[in-house]
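Report on the following structure.
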Amino acid sequence: MFELDRADGTKINRIFQASPSEFSASSEQCDVRIGPNRFQGDLHTYEIHVEIDDVVADLTLRGTVPSWRPEMGYFLFGEHSEYHFAWLPSVPQGDVEAAITIAGNRQQVTGVGYHDHNWGNFLMAKLMNNWYWGRGAVGNYTLEIFSLIAMRVTSSSNRCMRRESGNYCVSVRPLTLLGHDAAA
């Protein structure tokens, strides 16, 4: 899927239809391919290539804030913590450079980007009632804001951890604020 919302209010949306045989993903690193489209990188730099109909886009996302995760990165659910949901903000904030061609018209753009990844061993919709989430930047701080509301509370699902790199955790009901001092 490709979505572009321009400053003038116009929107460009494209969806790529692929067969299962056009999909591949590495189990060793971030490298996902669907037809001519790809998403690959590490915890700092990601390269994204999109080709859908009359759209070709090449983006590079470079982290300006280190990746982090709350505690072990897993939120445990169930009577015996047998279910998990994991969240890794790989690039809490980064610089984006992109070349986008639409119907033969090429444009170079720059901006600010974000990338995270979620996974688990059970359907998220069956574990959580809802998830409040947001992010932002204020001065030298980048903030991740989240609160997980479980379907059935069996243990605390709002946890975070202090890191030597300057991350902090402040519990503000109903949200938890996590941030990183970019100057540290």
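The values are calculated or read from the model by the stated rules, or taken from the named source; none is laboratory data. All figures in this text were calculated on a predicted structure; none of them were measured in a lab. Neighbour counts run over all protein chains shown; Cβ positions are idealised from the backbone, glycine included.
Quick look at the numbers
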| read-out | value |
| --- | --- |
| Top-ranked residue of the stretch 112-138 - restricted to ones that are among the aliphatic types (A, V, I, L, M) and over 14 Å from W87 (Cβ atoms), ranked as modelled with the highest pLDDT | V112 |
| Within the stretch 18-34, tally of residues that are within 21 Å of D53 (Cα to Cα) and either touching a Phe, Trp or Tyr at 6+ places or on another chain (Cβ under 8 Å) or surrounded by fewer than 10 Cβ atoms within 10 Å (Cβ to Cβ) (or both) | 6 |
| Conditions (1) touching a strand residue (DSSP E or B) at 6+ places or on another chain (Cβ under 6 Å); (2) in contact (Cβ under 8 Å) with a residue 24 or more places away in the chain; (3) of a type in the set (A, V, I, L, M, F, W, C): number failed by A103 | (1) |
| Residue match in the stretch 114-127 (condition: more than 17 Å from G73 (Cα to Cα) and surrounded by 11 or more Cβ atoms within 10 Å (Cβ to Cβ)) | yes |
| Filter pass, N37 being of a type in the set (S, T, N, Q), out of contact with any Gly (no Cβ under 7 Å at 6 or more places or on another chain) and surrounded by 14 or more Cβ atoms within 10 Å (Cβ to Cβ) | yes |
